[in-house]
Amino acid sequence: MRRELAVAEIDIAAPAAQVWHVLTDSALLGEVMFGSEVVTDWQVGSPIVYEGEWEGKPFEDKGEIVELDEPRRIRLTHFSPLGGDADLPENYHEVQYDLAEDGATTHVTLTQDNNTDAAAAEHSRGNWQTMLESLKKVSER
């Protein structure tokens with residue numbers, strides 16, 4: 001498995017419980033995830049699907065919920081056909097959200113594994129950083 005990591009981080013002026021709520025409410029997460037529709041029942045082992053449009057192209061990303069440790073960690077797999085890879089297990093990423101509360105602020109670290117090289121990891125990091133900026137706006141309102 002290709003193991004280049006993409007890491008994005010942000011501080012959010014909200015308690016971890018609020019950030020967790022945004023990350024696990026399908027409507028709010030869809031807003032954060034570039035306006036996509038998120039479909040899941042938020043149970044470990046369940047599928048998660050993101051449907052929407054990216055740069056004028058429809059997409060349907062998918063994965064599975066691996067871990068829910070409220071309000072500290074969410075782990076899930078993720079596959080996007082927009083990357084051009086075949087829908088095979090070796091082409092899935094694992095995405096992990098770690099939430100660390102410090103007073104009224106929550107530090108979120110998002111890690112995505114299985115990037116093909118450093119350039120792909122940097123591209124993913126940039127996309128995830130944009131998503132985290134949106135998470136911050138939604139969580140702080």
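The values are calculated or read from the model by the stated rules, or taken from the named source; none is laboratory data. Just so it is clear, the structure is predicted and the values come from calculations on it, not from any experiment. For neighbour counting, all protein chains shown are included, and Cβ atoms are generated from backbone atoms with ideal geometry for every residue, glycine included. In case anyone asks, the SASA skips ligands and DNA or RNA and just uses the protein heavy atoms, side chains included. Shrake-Rupley method; radii C 1.70, N 1.55, O 1.52, S 1.80 Å.
Taking the residues in the stretch 87-106 that are touching a residue at least 40 places away in the same chain (Cβ under 8 Å) and within 19 Å of the chain's Cα centre (by Cα) as candidates, determine which candidate is farthest from P15 (Cα to Cα).
E90
Name every residue in the stretch 99-137 that is hydrophobic (A, V, I, L, M, F, W, C) and open to solvent by 10 Å² or more (accessible area, probe 1.4 Å), in order of residue number.
L99, A100, A104, A118, A119, A120, W128
Every residue, every condition in (1) β-branched (V, I, T); (2) touching a strand residue (DSSP E or B) at 6+ places or on another chain (Cβ under 6 Å); (3) under 19 Å from V138 (Cα atoms); (4) part of a loop (DSSP other than H, G, I, E, B), yes or no:
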residue: A27; (1), (2), (3), (4): no, no, yes, no
residue: E31; (1), (2), (3), (4): no, no, yes, no
residue: V44; (1), (2), (3), (4): yes, yes, no, yes
residue: K62; (1), (2), (3), (4): no, yes, no, no
residue: E67; (1), (2), (3), (4): no, yes, no, no
residue: E94; (1), (2), (3), (4): no, yes, no, no
residue: L99; (1), (2), (3), (4): no, yes, yes, no
residue: T106; (1), (2), (3), (4): yes, yes, yes, no
residue: T111; (1), (2), (3), (4): yes, yes, no, no
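Could you give every pair whose Cβ atoms fall below 7 Å, whose first residue belongs to the stretch 7-36 and is farther than 21 Å from G126 by Cβ, and whose second residue is at pLDDT 95 or above and open to solvent by 60 Å² or more (accessible area, probe 1.4 Å), counting only separations of at least 6 or pairs across chains?
A13/E140; A14/E140; P15/E101; A16/E101; W20/E70; S26/V39
When residues of the stretch 69-86 are filtered for being touching a residue at least 24 places away in the same chain (Cβ under 8 Å) and assigned to a strand (DSSP E or B), how many remain?
The number of residues fulfilling the criteria is 4.
Please list, ordered by first then second residue, the pairs with beta carbon atoms under 6 Å, 6 or more apart or interchain, first in the stretch 113-141 and closer than 22 Å to P89 by Cα, second in a helix (DSSP H, G or I).
Short answer, once both residue conditions are applied: N115/A121; N115/S124.
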